[in-house]
Amino acid sequence: MKVLVVGSGGREHALCWKLSQSPQVDRLYCAPGNAGIAEVAECVPIGVGELDKLADFAAEQKIDLTVAGPEAPLCAGLTDVFAARGLLVFGPDRQAAQLEGSKDFAKQFMLRHQIPTARAATFTELEPALAYARSEFAAGRPVVVKADGLAAGKGVLVAGTAAEAEAFLRQCFDGAFGEAGIKVLLEERLEGEEASMLALTDGRTIVPLVSSQDHKRAWDGDAGPNTGGMGAYSPAPVVTPEIMARIEREILQPFLRGIQEEKLNFRGVIFVGIMVTSDGPRVLEFNVRFGDPEIQPVLRRFEGDLCEVMYRTATGALRAEDLTWSEEPAVSVVIASGGYPGSYGRDYPISGLAEAAATGAVVFHAGTARKNGVVVNAGGRVLGVSARGRNIREAIANAYRAVDCIHFTDCFARRDIGHRALAREPQRD
Ligand code: AMP
Ligand code: GLY
């Protein structure tokens, strides 16, 4: 089979790494890819937003399956453009991708299908939004402000005070997020621990992957600015068997019934951001693609044939028995460029990649390029260093042993990835 992966981050490297191990994959392409992906796939210089060029390439090369990594091309209609030319895609069409592309669409979908989520009100004008935020705070109910559309992870503020909420609302309505901020949701703030649940659906059935959790803040102790994710681990101990059963019954099954009833064309992965509250699991958000870095530890544990599973998902023939997992926990630690998520220097040579791999870790490239034969940093999140272990403690130690081999100017990594899982481990001696 010929497979094309669209994207250039750690998620796409993890996907290409696993797909390249499938006996069914004869040729593997990635557009545009990165320096690490180039070691397992043929990189094609087409951007993720160039839908027609991507479709031209897929048609010329007779690609059997295209896997869309990030949300932007899905929300822009990649699946529709490909389908019109008879090309198969793992990923929802433009309409179904609104589950990520519009937080209001997602919220209304959840309400229609009784999927537990935070209460929210939607606003299209500043003044009523300000009044609502003020009255909620005055009543002792803090709100979370969310720009409706895609905002590259910057469209959400968990406001500490009414003044913070007001300032952020003004930014949204002033166009800080362009079209994305024209509609704003004010949402009840939920308390609890977060987890990520990825599930595959072909529209007929839904099959959860193993649980995971990421660390969104830039610095140790979950301090500092929000990022795309500084590390992740799987499983997430907060997702106990009881919580998992509730997620399946209260969220995933109603989700499947919802897309069936509304005839949404969803053949791909749904990523459910969950808050495990004292009242049970609540949905924080849907994404219509794999979480990054969550997918890294999840795929480190996956023991099936990823190409088979994705092809079956895209063709409506998904089978739960094809998803088999290692019991061993896995951890991925992100090494970022100094200054991330703000501005940072680029083109610094990266040393120690071979030494890190020699420890048994798998190093996924998130933002790298090859310049004059040397691998250099080319993004905010640069590498995801992943390892397994007999328990979470060992997996963490193995990951950091590899992290410590790697260096480039101003690089940094959090040193406490997995701390919540460690805290839940039974105490020994
Ligand atoms: P989202 O993009 O909707 O997942 O929001 C980004 C982050 O904001 C989430 O991962 C949570 O940490 C936080 N968040 C979002 N919604 C809520 C909420 N209703 N209550 C508390 N925290 C939230
Ligand atoms: N790690 C969170 C995300 O992929 O959205």
> Which ones in segment 64-105 are at positive phi and open to solvent by less than 10 Å² (accessible area, probe 1.4 Å)?
Replying inline: G77, G91
>> Being out of contact with any Asp or Glu (no Cβ under 6 Å at 6 or more places or on another chain), assigned to a loop (DSSP other than H, G, I, E, B) and away from ligand 1 (no atom under 16 Å from the Cβ) narrows it down to one residue among G160, G140, G175; which is it?
In response: G175
> Give me the pairs: first residue in segment 279-295 and closer than 12 Å to L15 by Cα and assigned to a loop (DSSP other than H, G, I, E, B), second residue open to solvent by 10 Å² or more (accessible area, probe 1.4 Å) and of a type in the set (K, R), beta-carbon distance under 7 Å, and six or more apart or on different chains, which are they?
Replying inline: F290/R11; D292/R11
>> Residue under question is I37, and the condition is that it be open to solvent by 10 Å² or more (accessible area, probe 1.4 Å) and at pLDDT 95 or above; does it hold?
In response: no
>> For segment 26-53, give me the residue count where each residue is part of a helix (DSSP H, G or I) and under 22 Å from the mean Cα position of the chain (by Cα).
In response: 3
> Tally time: how many residues in segment 382-429 are surrounded by 24 or more Cβ atoms within 10 Å (Cβ to Cβ) and part of a strand (DSSP E or B)?
Replying inline: 6
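Rundown of residues vs (1) charged (D, E, K, R); (2) modelled with pLDDT of 95 or more; (3) outside any loop (DSSP other than H, G, I, E, B); (4) within 17 Å of the chain's Cα centre (by Cα), yes/no style:
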| position | (1), (2), (3), (4) |
| --- | --- |
| Y233 | no, yes, yes, yes |
| P254 | no, yes, yes, no |
| G258 | no, yes, yes, no |
| L264 | no, yes, no, no |
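May I ask you to say which residue of L186, L198 is open to solvent by less than 10 Å² (accessible area, probe 1.4 Å), under 25 Å from P73 (Cα atoms) and either in a strand (DSSP E or B) or within 10 Å of ligand 1 (Cβ to nearest atom) (or both)? Break it down stepwise before answering.
Values: L186 fails: under 25 Å from P73 (Cα atoms).
The conditions single out L198.
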> Looking only at residues in segment 361-381 that are open to solvent by 50 Å² or more (accessible area, probe 1.4 Å) and not hydrophobic (A, V, I, L, M, F, W, C), which one is nearest to P293 (Cα to Cα)?
Replying inline: R381
> Can you name the condition, by its number, that I115 falls short on among (1) farther than 30 Å from D279 by Cα; (2) in a loop (DSSP other than H, G, I, E, B)?
Replying inline: (1)
>> Please count how many residues of segment 287-311 are of a type in the set (K, R) and either more than 16 Å from ligand 1 (Cβ to nearest atom) or open to solvent by less than 20 Å² (accessible area, probe 1.4 Å) (or both).
In response: 2
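Please list, ordered by residue number, the strands (runs of 3 or more DSSP E) wholly in segment 306-376 having 3 or more residues that are aliphatic (A, V, I, L, M) and touching a Gly at 6+ places or on another chain (Cβ under 8 Å).
By residue number, 330-336.
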>> I'm trying to understand the selection: among the residues of segment 114-127, which are more than 17 Å from A167 (Cβ to Cβ) and either free of Cβ contacts under 8 Å to residues at least 40 places away in the same chain or basic (K, R) (or both)?
In response: R119
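The values are calculated or read from the model by the stated rules, or taken from the named source; none is laboratory data. It should be emphasised that the depicted structure is a prediction, and the values quoted were computed from it without experimental measurement. When we count neighbours, we look across all protein chains shown, and the Cβ atoms used for this are built from the backbone with ideal geometry, even at glycine. The area values use the complete protein model at the heavy-atom level, side chains included, leaving out ligands, DNA and RNA. Shrake-Rupley method; radii C 1.70, N 1.55, O 1.52, S 1.80 Å.
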